[in-house]
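S.K.: Below are the structure tokens for one structure; questions will follow.
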Amino acid sequence: MSKESALSITCSMRVAFYDVDAYRVVWHGAYPKYLEIARGELLEKIGYTYADMEKEQFFFPIIDMRIKYIDSLVVGQRFTITATLKEWENKLVIDYLICDEATGKRFTKARTTQAAVKMPEKVTQFNSPKSLIDAVQAASN
């Protein structure tokens, strides 16, 4: 794992056999797991993890996920996934780029959007919690 900037992180991974289909290419449904791994690392780097969200009684469900499959990753292939925070004041928007680790060739682009929901009332928030905004500002410096 290597840090690109405070608001971006790159994770190194290898395609496991359990993520591929009969053709030994990554099954399309495995990609959200890769995004989740990178998103968790990015939130940890920012200093506002899922545990922090829950402590403050916020959940951040995915409300939109877009994935563009450019080429197929194959079993055993090493790849990087870069997660970059794009928006955080009203919702969390994170862009992802999956590339071959050795060549840098692009394989997949994605974006997730998450909204804050106050628990236990289950009320969608139209602004992010102040603690998230503060954490992003601190990580940006």
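Bear in mind that the values in this text are calculations on the coordinates, not laboratory data. Because the structure is predicted, anything quoted here is derived from the model rather than measured. We place every Cβ from the backbone using ideal geometry, glycine too, and count neighbours over all the protein chains shown.
S.K.: Looking only at the stretch 59-78, which residues are of a type in the set (Lys, Arg) and under 16 Å from the mean Cα position of the chain (by Cα)?
M.R.: Correct list: ARG66, LYS68.
S.K.: Further question on the same structure: Can you tell me which of ILE37, ILE63 is outside any helix (DSSP H, G or I) and of a type in the set (A, V, I, L, M, F, W, C)?
M.R.: Exactly one of ILE37, ILE63 is outside any helix (DSSP H, G or I) and of a type in the set (A, V, I, L, M, F, W, C), namely ILE63.
S.K.: Of all residues in the stretch 85-107, which are closer than 27 Å to VAL123 by Cα and either touching a Pro at 6+ places or on another chain (Cβ under 8 Å) or assigned to a strand (DSSP E or B) (or both)?
M.R.: LEU85, LYS86, GLU87, LEU92, VAL93, ILE94, ASP95
Conditions (1) over 30 Å from VAL20 (Cβ atoms); (2) touching a Leu at 6+ places or on another chain (Cβ under 6 Å), marked per residue:
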residue	(1), (2)
LEU43	no, no
ALA51	yes, no
ILE67	no, no
ILE70	no, no
PHE107	no, yes
LYS118	yes, no
LYS130	yes, no
ALA135	yes, no
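S.K.: Among the residues of the stretch 19-57, which ones are of a type in the set (Asp, Glu), loosely packed, with under 14 Cβ neighbours inside 10 Å and within 22 Å of GLN137 (Cα to Cα)?
M.R.: Within the stretch 19-57, GLU54 is the sole residue that qualifies.
S.K.: Pairs needed: first member in the stretch 83-94, without any contact (Cβ under 8 Å) to a residue 40 or more places away in the chain; second member anywhere, charged (D, E, K, R); C-beta distance under 6 Å; at least 6 residues apart or different chains.
M.R.: LYS86/ASP95; VAL93/LYS86; VAL93/GLU87
S.K.: Would you check if there is a residue in the stretch 22-43 being of a type outside the set (A, V, I, L, M) and in contact with a Lys or Arg (Cβ under 9 Å, 6 or more places away or on another chain)?
M.R.: So far as the stretch 22-43 goes, no, none of its residues is of a type outside the set (A, V, I, L, M) and in contact with a Lys or Arg (Cβ under 9 Å, 6 or more places away or on another chain).
S.K.: Which one is surrounded by the most Cβ atoms within 10 Å (Cβ to Cβ), of the residues in the stretch 58-87 that are under 24 Å from ASP134 (Cα atoms), touching a helix residue (DSSP H, G or I) at 6+ places or on another chain (Cβ under 8 Å) and of a type in the set (A, V, I, L, M)?
M.R.: Filtering first and then ranking leaves ALA83.
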